[in-house]
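Encoded as structure tokens, the structure appears first; notes follow it.
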Amino acid sequence: MPVGLDRLAAARSPIPWERPGLLDCLAAVPDPRRAKGRRHPLAFVLALAACAVLAGAKSLAVIAEWAADASPAVLTALGGPPREPSGPTAPAEATVRRVLQRADGDALDAAIGIWLAARDPDSPPVAPSKPERPRRSLAVDGRTVRGARRADGTQVHLLAAMTGAGPVAAQREVDRKTNEITALRPLLAPLDLTDTVVTFDALHSQVAHARFLVEDKQAHYIAVIKANQPLLHQQRPGEIGGATGVTSQAESPTGRGRIVEGRQVDM
């Protein structure tokens, strides 16, 4: 079952005229099925699964049961095609299982992230706001999903970016043949990070990441530099990879590293 669906639990109540709608975002997820023989749109199946997960479903079988018990009005609201005189019908358990097992997890995470980001009260405003408005924050961290395993038995590890308000703006599965370092850039690339403060642990305190955030995304960052990165540890604060900016430095209580805050400034 796609683990990204549980991110919807933290979303606030919808406003009727709000856009983009969740169904619009789910429609962008590529359908892994052949075009011939499709009875239920992919966005409809994913929306059913999302509602079932929010209602407490924790397995594919329970998701299918929730969909089977849904009223025609609910099925219609979730995008079910009215092929029957009585209204839309729910997909069978086999259909739900196949679709959720084959769906592109990263694409689903991206779709949900776009929807959540549009509803984030801390997202960058369209027009300039008051100068004293606090900067938006984004915390990047990884986690191994309990109870989720791939076909080869390995556990699923995710890298996620959470806003200061709580919603997860982006989430991406880390390939089992690599680590979180290579997943950070594709995780943050689709997001608007202008004037956002991005935080992460020492694993992501990389020169390439600092340049990407400051030069490409016009963001700020707070990086943790430990002694196992001697070159960075000896540099002056704010000069990671040449990304010079206004900085502050403080020794960690354990003496294992220092905290470096880098910000982009016009020179």
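Some observations on this one:
- In order along the stretch 190-204, phi translates into HN-Hα couplings of x, 8, 7, 10, 4, 6, 9, 8, 9, 10, 7, 7, 4, 4, 9 Hz, rounded to whole numbers, per the Karplus curve 6.51 cos²θ - 1.76 cosθ + 1.60 with θ = phi - 60° and x for Gly and Pro.
- Amide N proximity, the stretch 159-192 versus Gln218 label position 7 Å along Cα-to-Cβ, cut-off under 14 Å: 191-192
- FRET efficiency estimate (nearest 0.05) - Cβ-Cβ, Ser137 to Ala202, R0 22 angstrom: 0.75
- Taking a point 7 Å from the Cα of Leu231 along the Cα-to-Cβ direction, the residues of the stretch 164-192 with backbone N closer than 19 Å to it are 181-182.
- Relative packing of 156-167, 75-86, 31-42, 98-109, which averages over residues the other C-beta atoms within 10 Å, highest first: 156-167, 98-109, 75-86, 31-42
Coordinate-derived values only; no laboratory data. If you're wondering where the values come from, they're calculated on a predicted model, not measured in any experiment. Here the Cβ is made from the backbone with ideal geometry for all residues, glycine too, and neighbour counts use every protein chain on show.
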